[in-house]
1. State the dimensionless ratio Rg/Rh of region 164-206 (Rg: radius of gyration of Cα atoms; Rh: Kirkwood radius).
2. From zero outward in steps of 5 Å, how is the percent of C-alpha pairs of region 160-248 spread across the bins?
3. If each residue of separation counts as 0.36 nm, what is the full-extension length gain between LYS195 and VAL239 once their alpha-carbon separation is subtracted?
4. Quick one: go through region 89-122 and flag any residue whose amide nitrogen is under 11 Å from the point 7 Å out along the Cα-to-Cβ line of TYR68.
5. Hey, got the dipole for region 62-172? About the Cα centre, +1 on K and R Cβ, -1 on D and E Cβ, debye to the nearest 20?
6. Hey, quick one: spin label on ASP158, modelled 7 Å out along Cα-Cβ, who in region 208-237 has an amide N within reach, i.e. under 18 Å?
7. Divide the volume of the convex hull of the Cα atoms of region 91-144 by its number of residues and quote the answer in cubic angstrom per residue.
8. Suppose a student asked you for the relative contact order of region 123-165, using Cα pairs under 8 Å spaced at least 6 residues apart; what percent would you report?
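The values are calculated or read from the model by the stated rules, or taken from the named source; none is laboratory data. Computed from a prediction, not measured in an experiment: that's the story for all the values here. Don't worry about glycine lacking a Cβ; one is built from the backbone with ideal geometry, like all the others, and counts go over all protein chains shown. All accessible areas refer to the heavy atoms of the entire protein, side chains included, with ligands and DNA or RNA removed. Shrake-Rupley method; radii C 1.70, N 1.55, O 1.52, S 1.80 Å.
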Amino acid sequence: MYLFKTITIVCLISAIPLAAFAKPHKKLDPMRTELELGVIATSGNTDSTALKAKATIKQDLEEWKNEYLLDTLYRESEYNGVSEDTAKKLFVSAQSDYKLSEEHTSLFVYGSYTDDRLSGYDYQSTVSVGYSGRIFGNKKSFLDYSVGPGFSFNRTDDGEKDRTAIVRMEAKYEYRLSRRAKFTQTISSDAALEKDKNTLSKSETALSANIRDDLSMKAAYSITHNSEVEDGFERTDAVTSLTLAYSF
């Protein structure tokens, strides 16, 4: 029931722009979708297979801009005939920004849900609202940020539930190396306002190059850090990935 309520809250908040402002808007940019897929297989003393998939949907309207994200990772290893799941992650998020009169500034509402079976948490979810802006930008690079209050809802594998107030902070940097290559850095943190409560932080460093206009190759290094974990679990997880990305 608690999980159902949490997912419902995230869905309702993400749907606010559509429900409360259901009037037609002129599209400034068609809906853009990017699909990523990467598979890594190794054999020998230890056989393993890793699958990473990611979908990003962006929409730019006259008054609103929306972004939806689905990110998954699954890895299975086999040693001496025994198979074991060594990674199983699912992350979904939605953010809607209401544009203000000033360029690149907006008020946002955000919701996310994380299911990482090997982190010690049964699930982790966040809802927040706040302000987004751009620190600088030109033809080659930009740096955007978002900051605002919210709540996190977590449950450990032992069934312990927790709800705490947070401040969500995120920064996105992009630099165009050339017409066909770019570097991106994203950092976010759901910082707990109470002592001994979990702060969830993430970082992704990526380099991508276009093979053709709608197809690119992306190399990324991602880090996830939980400040509070159950006994026997590491606070930090790191994933290095190489994926193909198709945009349309």
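1. 1.22
2. Per 5 Å bin, starting at zero, the Cα-Cα P(r) for region 160-248 comes out as 3, 12, 18, 18, 15, 11, 9, 8, 5, 2 percent.
3. 13.0 nm
4. Flagged as within label range: 93-95.
5. Working: 14 positive and 20 negative charges, 93 e Å.
It works out to roughly 440 debye.
6. 226-235
7. 108 Å³
8. Averaging sequence separation for qualifying contacts and normalising by length gives 38 percent for region 123-165.
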